[in-house]
Amino acid sequence: MGIVKAIEFNGSLVGCIGAQRGEFEYQRSAEIGYWIAKDYWKQGIATQAINALIPLIFSTTDIVRLFAAVFSENTASMQLLTKCGFELEAVHKQAIYKDNQFYDNHVYSLLKT
């Protein structure tokens, strides 16, 4: 199962959000990802998109766990996930290599209640 949705604001495409189901023994978990154009940051758009995706996934699939991976420099995304009910589950040290530098990978999760 994979789902991708456009994020619109005032009739314009400003980003996308989606979830990808895991495979085999991870089939009841899904990783979410999202992207918002920089001009639309800090306007609550991503919060609305995540808060719309959560019940859609939990009510229409057998997924019981959503998670998101965030690299250590992206504190805005960490705050966003926390605001949407996700909890920090793990920090994988130096798991990301980008632009000749290592970063920690912060894993946030939300369980179906």
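Every read-out reported here was derived from the displayed coordinates using simple, explicitly stated rules and does not represent laboratory data. Just so we're clear, the structure is a prediction, and the values are computed from it rather than from any experiment. Glycine also receives a Cβ, built like all others from the backbone with ideal geometry; neighbour counts cover every protein chain displayed.
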*Out of Ile50, Ile57, Ile17, report the one residue that is touching a Cys at 6+ places or on another chain (Cβ under 8 Å) and buried (at least 18 other Cβ atoms within 10 Å of the Cβ).*
Ile50
_Report every pair of residues separated by at least 6 positions or lying on different chains whose Cβ atoms are under 9 Å apart, first residue within the stretch 1-17 and closer than 20 Å to Arg28 by Cβ, second basic (Lys, Arg) and crowded, with 17+ Cβ neighbours inside 10 Å._
Met1/Arg21; Gly2/Arg21; Ile3/Arg21
*Identify, please: which residue in the stretch 54-113 is basic (Lys, Arg) and in contact with a strand residue (DSSP E or B) (Cβ under 6 Å, 6 or more places away or on another chain) and is, among those, nearest to Gly33 (Cα to Cα)?*
Arg65
_In the stretch 80-109, the residues that are surrounded by 11 or more Cβ atoms within 10 Å (Cβ to Cβ) and of a type in the set (S, T, N, Q)_ = Thr82, Gln94, Asn105, Ser109
